[in-house]
Amino acid sequence: MLSDRRPILLANARIIDPSRNLDFPGDLLIADGVIRDAKRGIGAAGVPEGAEIVDCKGRIVAPGLIDMRAFVGEPGAEYRDTLATASQAAAAGGVTTIICQPDTSPAIDEPAIVDFVLRRARDTAIVHVQPMAALTKGLEGKEMTEIGLLKAAGAVAFTDGTKSVTNAQVMRRTLTYARDFDALVVHHTEDPDLIGEGVMNEGELAARLGLHGIPTAAEAIMLERDLRLVALTGSRYHAASLTCRESIEILRRAKDAGLPVSAAASINHLTLNEIDIGPYRTFFKLSPPLRAEDDRAALVEALASGLIDIVMSDHNPQDVETKRLPFAEAAPGAVGLETMLTAALRLFHGGQLSLTQLLAAMSTKPAQILGLPGGTLRNGAPGDVIVIDPDISWVLDPADLKSKCKNTPFDEARLEGRVIRTIVAGRTAYEYASA
């Protein structure tokens, strides 16, 4: 349960607001569910009566994270995660807004199902939940959905989840229709025919493990096709999960040409590579697959330069029965809501990205691309704020994860940095017990 919404003063903090490129010591005041001020000396000047005063002891105060790609099992797969359990996991990871995917059962392809998700989230979730709706009916890639009606019902973007629309004519019509409603099309760029029976990155390691590989061309070809269709239609387009160097070059050309495109990379592909699979470790089986180290390094470089806009968790809970199988038979996916930020801090501690760059990619830019009000600490912005200690060292115990499923690639990993407090709409949704 969320705490009472009395005023909160986060005092003696390091304020980082990536929306304004600000990083300074000061205080932040939240009242009536919104940010009232962020500056030096608020505490000394007096605070509202009854306010909760939190001494941050120099820790970072930043906008809450917006996770642009997370599977939540409700409706239809509540055994994997519910809106309630996913929101608990999100709060523990500093995620104040979950963008849930439409590949549920039934798929989120009708306004009534969008409405169900929003109502259910209001009743059971402790963070904001915003649904993406399906691009095509039943996620079958054959007939586009009623994008205008779905957007009016509350869908923030349109995607077929982990499926790609292979029919170029259907994709062109969908992009054209979406443009007329200023709707964002989010697409999973993998050619299923090139994937075939592949289960990991194609290359020497796959050959040595005796596993069918997935070539990077499966991603690059689909992305190239999509961006040519964007050039034809002028629709806003977001590549859901890029993983390889070839895709980065294709994205660079599209942005240089002024196309309205953006792209994301998952925290798994930014911090792990195919070698982590080791002796057939199925918790590292993902879709798209983990790539070579050269590809991972190229993704990080693209994120640092701003070419890749967003870091997302790609939260995909799978139960024991689908993961404790031979690698080729195991389901792909990993939970990530609770580990996205702490894993991203590896890139900060390694000197590859600044805190401002990381937080922008996980809060400010998703808010801007999706047209949501968060991602900033400006006066009057939603009181969605997190407190981070970037230097706490800890070892992840999967049993402590709040997701229903525990399929994390960071099982027993030594991590540095974690969320201390998560505030959603002015109420504390999570507080680290040892803070």
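The values are calculated or read from the model by the stated rules, or taken from the named source; none is laboratory data. Quantities reported herein were computed from a predicted structural model and do not represent experimental measurements. Please note: Cβ atoms are built from the backbone with ideal geometry, for glycine as well, and neighbour counts cover all protein chains shown.
Summary of values
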{"quantity": "Residue list for segment 184-198, restricted to those being buried (at least 23 other Cβ atoms within 10 Å of the Cβ) and among the aliphatic types (A, V, I, L, M)", "calculated": "Val185, Val186"}
{"quantity": "Scan of segment 1-32 for residues that are part of a loop (DSSP other than H, G, I, E, B) and not charged (D, E, K, R), ordered by number", "calculated": "Met1, Leu2, Ser3, Pro7, Pro18, Ser19, Asn21"}
{"quantity": "Number of the exception - Ala328 against (1) over 17 Å from the mean Cα position of the chain (by Cα); (2) surrounded by fewer than 17 Cβ atoms within 10 Å (Cβ to Cβ); (3) within 20 Å of Leu353 (Cα to Cα)", "calculated": "(3)"}
{"quantity": "Members of segment 354-381 that are aliphatic (A, V, I, L, M) and under 25 Å from Pro260 (Cα atoms)", "calculated": "Leu358, Leu359, Ala360, Ala361, Met362, Ala367, Ile369, Leu370, Leu372"}
{"quantity": "Among residues of segment 94-152, those that are within 19 Å of Pro366 (Cα to Cα) and of a type in the set (Ser, Thr, Tyr), counted", "calculated": "2"}
{"quantity": "Conditions (1) in contact with a Gly (Cβ under 7 Å, 6 or more places away or on another chain); (2) buried (at least 17 other Cβ atoms within 10 Å of the Cβ); (3) more than 21 Å from Ala240 (Cβ to Cβ); number of the one not met by Pro18", "calculated": "(1)"}
{"quantity": "Selection from segment 126-152 of residues that are touching a strand residue (DSSP E or B) at 6+ places or on another chain (Cβ under 8 Å), in contact (Cβ under 8 Å) with a residue 40 or more places away in the chain and under 30 Å from Ile423 (Cα atoms)", "calculated": "Ile126, Val127, His128, Val129, Gln130, Met132, Leu150"}
{"quantity": "Count of residues meeting criterion [assigned to a helix (DSSP H, G or I) and touching a Gly at 6+ places or on another chain (Cβ under 9 Å)] in segment 265-280", "calculated": "3"}
{"quantity": "For Asp295: the one exception among (1) more than 17 Å from the chain's Cα centre (by Cα); (2) farther than 11 Å from Leu270 by Cβ; (3) assigned to a helix (DSSP H, G or I); (4) not aliphatic (A, V, I, L, M)", "calculated": "(2)"}
{"quantity": "Residue check for His269: under 13 Å from Leu347 (Cα atoms) and either at pLDDT below 95 or under 18 Å from the mean Cα position of the chain (by Cα) (or both)", "calculated": "yes"}
{"quantity": "Qualifying residue in segment 319-334 (condition: over 16 Å from Ile98 (Cβ atoms), free of Cβ contacts under 8 Å to residues at least 60 places away in the same chain and among the small types (Gly, Ala, Ser))", "calculated": "yes"}
{"quantity": "Residues of segment 355-409 that turn out to be without any contact (Cβ under 8 Å) to a residue 24 or more places away in the chain, part of a loop (DSSP other than H, G, I, E, B) and in contact with a Lys or Arg (Cβ under 6 Å, 6 or more places away or on another chain), as a count", "calculated": "0"}
{"quantity": "Matching residues, segment 33-62, being in a loop (DSSP other than H, G, I, E, B) and either out of contact with any Gly (no Cβ under 7 Å at 6 or more places or on another chain) or within 21 Å of Val419 (Cα to Cα) (or both)", "calculated": "Gly33, Gly41, Gly46, Val47, Pro48, Glu49, Gly50, Ala51, Cys56, Lys57, Gly58, Arg59"}
{"quantity": "Index of the failed condition, Gly46 passing every other in (1) free of Cβ contacts under 8 Å to residues at least 40 places away in the same chain; (2) in contact with a strand residue (DSSP E or B) (Cβ under 9 Å, 6 or more places away or on another chain); (3) small (Gly, Ala, Ser)", "calculated": "(2)"}
{"quantity": "Members of segment 43-68 that are under 21 Å from Leu337 (Cα atoms) and among the basic types (Lys, Arg)", "calculated": "none"}
{"quantity": "Residue match in segment 83-95 (condition: within 24 Å of Gln368 (Cα to Cα), touching a Phe, Trp or Tyr at 6+ places or on another chain (Cβ under 8 Å) and free of Cβ contacts under 8 Å to residues at least 60 places away in the same chain)", "calculated": "no"}
{"quantity": "Flag if Ser262 is part of a loop (DSSP other than H, G, I, E, B), closer than 30 Å to Ala367 by Cβ and of a type in the set (S, T, N, Q)", "calculated": "no"}
{"quantity": "Failed item, numbered, when Phe283 is tested on (1) modelled with pLDDT of 95 or more; (2) assigned to a loop (DSSP other than H, G, I, E, B); (3) farther than 26 Å from Asp17 by Cα; (4) not acidic (Asp, Glu)", "calculated": "(2)"}
{"quantity": "Hits in segment 203-215 (condition: out of contact with any Gly (no Cβ under 9 Å at 6 or more places or on another chain) and either in a loop (DSSP other than H, G, I, E, B) or crowded, with 23+ Cβ neighbours inside 10 Å (or both))", "calculated": "Gly210"}
{"quantity": "Residues that are closer than 15 Å to Val72 by Cα and either of a type in the set (Val, Ile, Thr) or in contact with a Phe, Trp or Tyr (Cβ under 6 Å, 6 or more places away or on another chain) (or both), drawn from segment 109-148", "calculated": "Ile113, Val114, Val117, Thr124, Ile126, Val127, Val129, Ala133"}
{"quantity": "Residue that is surrounded by the most Cβ atoms within 10 Å (Cβ to Cβ), among those in segment 90-110 that are in contact with a strand residue (DSSP E or B) (Cβ under 8 Å, 6 or more places away or on another chain) and polar (S, T, N, Q)", "calculated": "Thr96"}
{"quantity": "Val129 vs. criteria among the β-branched types (Val, Ile, Thr) and assigned to a strand (DSSP E or B)", "calculated": "yes"}
